[in-house]
Amino acid sequence: MEKVREIVREGRRVAKEDPRRVVHSFKVGLVLALVSSFYYYQPLYDSFGVNAMWAVMTVVVVFEFSVGATLGKGLNRVAATLFAGGLGIGAHHLASMSGPTGEPILLAVFVFVQAALSTFVRFFPRVKARYDYSLPIFILTFALISVSGFREEQVVKLTHKRISTVIIGGLSCVIISIFVCPVWAGQDLHSLIASNFEKLSFFLLDFGDKYCEVVENDGAKEVDKRKKDFDNYKSVLNSKSNEESLANFAKWEPGHGQFRFRHPWKQYLAVGELIRQCAYRIHALNSYLNADNKVSVDIKKKLGEPLRRMSLESGKAMKEMSISLKKMTKPSSSDLHVQNAKSACKSLTNLLNSGILKEVEPLELVSLLTAISLLIDIINLTEKILESLHELATAAKFKNKIEHPLFSEKPKAKSFVSIRSIKCHDDHVVIIIEDDGNNDDTSKDDNGSKEVSIHEKHEDDDTHVDARCVSCGHTSVCVK
């Protein structure tokens, strides 16, 4: 009785993790019930006979969780069956021309050559990636048609029945998979990459405070609550196989929702690989939170501000990239966070060059510099990830992110503005504001765009931000 309860609890857990699994189970049962009617219904049984079981077998081996996996397997099985059936009929015809003595010998030679070549081709990486399932079906069908034809006079009729039932079973799977609560592998891959961005951002947003030990006692409980999210990055380390399989399945899927046909799924793998490299650095960085050779609190206080800014800005960039990918918009706002992280990195470098670590113990110094090196490496990887995401956004034709204008009086008409940043020398960042031109105050000579120069300085604990609109000369100064 206890085992039954355990099985029930496990079933509830699996269903709660992904309710689509329950729906998929019902879909498989529905398709099997439909194709089984070929065996139960007498007129259909008279047409196909025992070959109707091939439709049932096709459903069992073809129907997968996602549309892409089902469509890929279904097309592979149908194509392999058609090709092998045609070759099998041809092999039987050639063998029959050699007479009763030579026919079985030639058939055996044909089966040997075909099976050997097909098995060897399966080792080709590109073939194995997309057609690994079709080759065993090709070998099986060719052998069955060739061998059955030796004892069966009406080999063409036999081949026709088997191919027909396979096509019927495959079409039933594809139709139900697409039109009844479809599960798209492309959507799952898109959501997985966005989720991986978010998992890394959780770590980076909290790492600075944790490492510098600035969390007060009142906030300790809040940090403990977020510990689960803090360690979520570990699931990214082993996501490669899942991403590759989803990308392979997504290539078979037709256009759906915001994903057009021939969507750049390969670029998702490039972004995912960079995210994984960043996760490896984060995993190494995480070990320094509980290292035996801890850095003294005084040193952390001296370096705390730039360290926290480096970690915080990188985390914000990751968070913005996650949101942009989910909404399928260009990650324009992430550029500024990356530049802020690099600016903090320069500030930290200046502090280190000032000789602030002269009296630090050697082991303590090694631990501190290694953690700083890993954090700098993460910032560089964040910049590479952002560049790769920009390539994906361009290839997938993501929409421009709509922002409110930085400087505006009460507009006479609705105006939408998009913002993009350009890196300049030092800490200088130029923001290009592109207006859709609906505002009556915008002159024709401006071509619907304005340029805003933003300069950010950090002096002591104050942050001074100077902003000036090049076209209208409006200047804004913020101190925080």
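The values are calculated or read from the model by the stated rules, or taken from the named source; none is laboratory data. All values reported here derive from a predicted model rather than from experimental measurement. Quick reminder, even Gly has a Cβ in these numbers, built from the backbone with ideal geometry, and neighbours come from all protein chains shown. Accessible surface areas use protein heavy atoms only, side chains included; no ligands, DNA or RNA. Shrake-Rupley method; radii C 1.70, N 1.55, O 1.52, S 1.80 Å.
Filtering segment 339-351 down to residues that are touching a residue at least 40 places away in the same chain (Cβ under 8 Å) and open to solvent by 30 Å² or more (accessible area, probe 1.4 Å), which residue is farthest from LEU312 (Cα to Cα)? Spell out the reasoning first.
Filtering segment 339-351 down to residues touching a residue at least 40 places away in the same chain (Cβ under 8 Å) leaves 339-343, 346-348, 351.
Now drop any that are not open to solvent by 30 Å² or more (accessible area, probe 1.4 Å), which leaves 339, 342, 346-347, 351.
Details: GLN339: 12, LYS342: 12, LYS346: 15, SER347: 15, LEU351: 19 Å.
So, considering only residues that are touching a residue at least 40 places away in the same chain (Cβ under 8 Å) and open to solvent by 30 Å² or more (accessible area, probe 1.4 Å), the one farthest from LEU312 (Cα to Cα) is LEU351.
Can GLY88 be described as surrounded by 19 or more Cβ atoms within 10 Å (Cβ to Cβ) and over 29 Å from the mean Cα position of the chain (by Cα)?
On the way: surrounded by 19 or more Cβ atoms within 10 Å (Cβ to Cβ): yes; over 29 Å from the mean Cα position of the chain (by Cα): yes.
Judged against the criteria, GLY88 is a match.
Checked against (1) surrounded by 19 or more Cβ atoms within 10 Å (Cβ to Cβ); (2) free of Cβ contacts under 8 Å to residues at least 12 places away in the same chain, LEU303 meets all criteria but (2). Within the bounds of segment 64-75, is there any residue that is at pLDDT 80 or above and over 30 Å from ALA247 (Cα atoms)? Within segment 64-75, none of the residues are at pLDDT 80 or above and over 30 Å from ALA247 (Cα atoms).
Across segment 374-412, the qualifying residues are those that are over 20 Å from GLN267 (Cα atoms) and open to solvent by 70 Å² or more (accessible area, probe 1.4 Å), and the one among them that is modelled with the lowest pLDDT is LEU406.
Would you list the helices (runs of 4 or more DSSP H) that sit entirely within segment 213-282 and hold 2 or more residues that are farther than 21 Å from THR394 by Cα, at pLDDT 90 or above and open to solvent by 70 Å² or more (accessible area, probe 1.4 Å)?
Numbers: elements: 217-225, 227-230, 240-250.
In segment 213-282, 240-250 are the helices (runs of 4 or more DSSP H) which contain 2 or more residues that are farther than 21 Å from THR394 by Cα, at pLDDT 90 or above and open to solvent by 70 Å² or more (accessible area, probe 1.4 Å).
Scanning segment 288-329 for residues that are assigned to a loop (DSSP other than H, G, I, E, B) and at pLDDT below 90 gives ALA291, ASP292, ASN293, LYS294, VAL295, SER296.
Go through ASN340, ASN350 for me and flag whichever is in contact with an Asp or Glu (Cβ under 6 Å, 6 or more places away or on another chain) and either part of a helix (DSSP H, G or I) or at pLDDT 90 or above (or both).
Working: ASN350 fails: in contact with an Asp or Glu (Cβ under 6 Å, 6 or more places away or on another chain).
From the options ASN340, ASN350, the qualifying one is ASN340.
Mind listing just one residue for me: the one in segment 95-143 that is touching a residue at least 60 places away in the same chain (Cβ under 8 Å) and open to solvent by less than 60 Å² (accessible area, probe 1.4 Å) and, of those, nearest to the chain's Cα centre (by Cα)?
Step one: list which residues in segment 95-143 are touching a residue at least 60 places away in the same chain (Cβ under 8 Å), which gives 129-130, 133, 137, 141.
Cutting the leftovers down to open to solvent by less than 60 Å² (accessible area, probe 1.4 Å) gives us 129, 133, 137, 141.
Details: ALA129: 17, TYR133: 23, ILE137: 30, THR141: 36 Å.
Taking the candidates together, the pick is ALA129.
Listed by first and then second residue, the pairs linking a residue in segment 188-199 that is more than 21 Å from ILE282 (Cα to Cα) to a residue that is aliphatic (A, V, I, L, M), with Cβ atoms under 8 Å apart and 6 or more places separating them unless they lie on different chains, are ASP188/LEU246; LEU189/LEU246; LEU189/ALA247; LEU189/ALA250; HIS190/LEU325.
PHE207 - would you say it is at pLDDT 90 or above and in a helix (DSSP H, G or I)? Even if it seems obvious, please write down each step before you answer.
Details: at pLDDT 90 or above: no; in a helix (DSSP H, G or I): yes.
Answer is no for this residue.
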